[in-house]
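Read through the structure below, which is laid out as structure tokens, and then see the notes.
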Number of protein chains: 2
Amino acid sequence: MVNVLKQALATKLDVDLMSAKCGFALEQLMELAGFSVAQAISKVYSFETNPSILLCVGPGNNGGDGLVAARHLYHFGYKPTLYYPKQPDKNHYQNLLKQCQNLGIELHSDFKKALGSSDLVVDALFGFGFKPPIREPFFEVLSALSKSNKPIISVDVPSGWDVDNGPLSTNCIRPEMLVSLSIPKPCSSFFSGKYHYLGGRFIPEFLAKEYNLDIPKYPGSDQCVLI
Amino acid sequence: MVNVLKQALATKLDVDLMSAKCGFALEQLMELAGFSVAQAISKVYSFETNPSILLCVGPGNNGGDGLVAARHLYHFGYKPTLYYPKQPDKNHYQNLLKQCQNLGIELHSDFKKALGSSDLVVDALFGFGFKPPIREPFFEVLSALSKSNKPIISVDVPSGWDVDNGPLSTNCIRPEMLVSLSIPKPCSSFFSGKYHYLGGRFIPEFLAKEYNLDIPKYPGSDQCVLI
């Protein structure tokens, strides 16, 4: 039994989930993943003391999870805002952004100003598919985040870290909280922040067996669990 | 401000949610609605005392919510089973069924036998789009449910009830629990069971204003609220 899944196998698991074998739609999985991130945040940081959450949204699925989390955080009572410099054309991402904007969630163009006015930062830039190098504007964003003292919550993988091998340099971001999705990635063993949660409660048992995964037990109807 | 929405307006609201104006995908809304049903059930009935839940699944979106709820109930620790006599060809419904079957959730062919071995029954047959008459096999199913003493949980609308005017006869089912979705329908004023929950926490404020809706406040990250 394994409690982490390397990049290559995590990619395969994701393909399996959305194949005819499992039949999940991206829209379903992203909704559940993003919701689990928002719920985990709500268990650690109160919206009364930390209302302003800046979500840094990348161009792929990790970013999509961030957009979903932003919407749920808004409904929970937070004041989320977005930094989303590279917006893909894909219909679902455009729709997820629209859903945020319909709630009045602000879309920043100036990252440093956005960072300055936030209580918390969600790093939803790169996920388990990340391969270096980090291109602009993300290099500058991660550089600013690594120097900031704002608490960072990373979605699945701390952005800029190698998925299997962890931080690539001493300048990497050091999140205070990590929400692994489905199953932690190997880099999570280098996580030294305060709160490590697992979200994405949707792996069917037969698939967990196929991948020999040791998935922690979630309490009640919670979509996240402290690990 | 209104706290119920008639059939015609509920239908319009649903169209609006999935239009370019709001940009929600059916897969997203159904996932959130079905999850809220499962969560509400978990707040009322423990899986330790009521493990066996028979979900009666209709051919439309109310049935889709039921399939999603079944999957989440399984993950919460219940032993859900399905009665799904009219399965539409639509891809997403087939996928939702597949997701249940991949968890080993049994699909019954004999309704009465299924009912006999269940602790609770979820009525996910007809929702806010229901128009009489009730055709077979649903007439017989509702007739058996109305005579049964098993607690019934209705999704959005007690099946067989007129959405705007309530029970059509004294033989109608009398659910113990009702989980209204988005906003209760007028028939909910005739609900005399023990637990009335609201789920479907996704209506944007601008749309609530447009429809003049008085939506109750949800606690924390909960996707359902007792009303």
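The values are calculated or read from the model by the stated rules, or taken from the named source; none is laboratory data. Keep in mind that this is a model prediction, so the values were computed, not measured. Here Cβ is always computed from backbone atoms with ideal geometry, including for glycine, and neighbour counts include all displayed protein chains. Keep in mind that these areas ignore ligands, DNA and RNA; they rest on the heavy atoms of the full protein, side chains included. Shrake-Rupley method; radii C 1.70, N 1.55, O 1.52, S 1.80 Å.
Sort shortest first the distances from B:N171 to its counterpart in every other copy, using label points 7 Å along the Cα-to-beta-carbon line, and give them in nm.
Those label-point separations list as 7.7 nm.
Rounded to the nearest 10 degrees, what's the angle between the helix B:61-76 long axis and the longest principal axis of chain B, both from Cα atoms, 0 to 90?
It is inclined by approximately 70 degrees.
Out of the total accessible area of region B:59-117 (probe 1.4 Å, heavy atoms of protein only), what percent is carbon and sulfur?
For region B:59-117, the apolar C and S fraction of the accessible surface comes to 43 percent.
Could you list, in their original order, any pairs among A:K147/B:K21; A:K86/B:K12; B:K43/B:K150; B:K185/B:K217 whose Cα atoms are separated by more than 28 Å?
Numbers: A:K147/B:K21 40 Å; A:K86/B:K12 34 Å; B:K43/B:K150 18 Å; B:K185/B:K217 18 Å.
Long pairs (Cα-Cα over 28 Å): A:K147/B:K21; A:K86/B:K12.
Roughly how large is the B-A contact in terms of buried accessible area, totalled over both chains, probe 1.4 Å, nearest 100 Å²?
Counting both chains, the buried surface is close to 2700 Å².
What is the spin-label model distance, in nm, from B:K86 to A:D16 if the labels are put 7 Å beyond Cα along the C-beta direction?
Placing both labels 7 Å along Cα→Cβ, they lie 3.7 nm apart.
How far, in nm to one decimal, is A:N3 from itself in the other copies if the label point is set 7 angstrom along Cα toward Cβ? Shortest first, please.
Distances between equivalent label points, in nm: 4.7.
Leaving out ligands and nucleic acids, and using a 1.4 Å probe, what accessible area per residue does region B:7-226 come to in Å²? Let's see the in-between values first.
Details: 8520 Å² over 220 residues.
Per-residue value: 39 Å².
Take every residue in peptide B:215-223, count the Cβ atoms of other chains within 10 Å of its Cβ, and give the average of those counts.
If you average over the peptide's residues, the count of other-chain Cβ atoms is 4.
Which whole number gives the average, over all residues in B:41-49, of C-beta atoms from other chains lying within 10 Å of the residue C-beta?
Values: counts 1, 2, 2, 0, 0, 0, 1, 0, 0.
Rounded to a whole number, the mean comes out at 1.
According to the square roots a ≥ b ≥ c of the eigenvalues of the Cα gyration tensor, what is the shape class of region B:7-226, taking rounded for a/c under 1.5, prolate for a/b larger than b/c otherwise, and oblate for the remainder?
Rounded is the answer for region B:7-226, as its axis ratio a/c remains below 1.5.
Rounded to the nearest 5, what % of DSSP beta bridges with both residues in the protein assembly as shown are antiparallel?
Beta bridges within the protein assembly as shown, antiparallel portion: roughly 15 percent.
Treating the angle as unsigned and between 0 and 90°, give the value, to the nearest 10°, between the Cα long axis of helix A:138-147 and the longest Cα principal axis of chain A.
Here the helix axis deviates by roughly 80 degrees.
For the peptides A:117-124, B:92-99, B:29-36, what is the packing order when you average, over each peptide's residues, the other Cβ atoms within 10 Å and list the highest mean first? Provide the component values of the computation, followed by the final result.
Working: A:117-124: 23.6, B:92-99: 20.1, B:29-36: 26.6.
Going from most to least packed, we get B:29-36, A:117-124, B:92-99.
Give the aspartates and glutamates whose C-alpha is closer than 19 Å to that of A:K90, dropping any in the same chain fewer than 8 places away, or say none.
The reachable aspartates and glutamates, counting only those whose Cα sits under 19 Å from A:K90, are A:D14, A:E27, A:E31, A:D65, B:E27.
Using only Cα atoms, tell me the angle between helix B:91-101 and the longest principal axis of chain B; keep it within 0 to 90° and round to the nearest 10.
50 degrees
Which residue in B is nearest the B/A rotation axis when you measure from the C-beta atom, and what is the distance in Å?
B:E27, 2
Taking the label point as lying 7 angstrom from Cα along the Cα-to-Cβ axis, what are the distances from A:K113 to the corresponding position in the remaining copies, in ascending order and in nanometres?
Output for A:K113: 6.9 nm, nearest copy listed first.
Per the Cauchy relation, a quarter of the hull surface: what is the mean projected area of the convex hull of the alpha carbons in the protein assembly as shown, in nm²?
20.6 nm²
Considering the dipole of region B:7-226 built from charges on the beta carbon (Lys and Arg +1, Asp and Glu -1) around the Cα centre, which of B:V37, B:H72, B:I53 is farthest to its positive end?
B:I53
What distance in nm separates the simple spin-label points at B:K98 and B:T170, each placed 7 Å from Cα in the Cβ direction?
Modelled inter-label distance: 4.9 nm.
Just name one of B:Y93, B:V141, B:F191: the one whose Cα is farthest towards the positive end of the charge dipole of chain B (beta-carbon charges, Lys/Arg +1, Asp/Glu -1).
B:V141
Restricting attention to region A:151-218, which trypsin sites (Lys or Arg not before Pro) occupy a DSSP loop and are surrounded by at most 10 other Cβ atoms within 10 Å?
A:K217
What does the charge add up to near A:V68, with Lys and Arg as +1, Asp and Glu as -1, over the other residues with Cβ less than 10 Å from its Cβ?
-2
Averaged over its residues, how many other protein chain Cβ atoms are within 10 Å of peptide A:202-212's Cβ atoms?
The shielding value for this peptide is 2.
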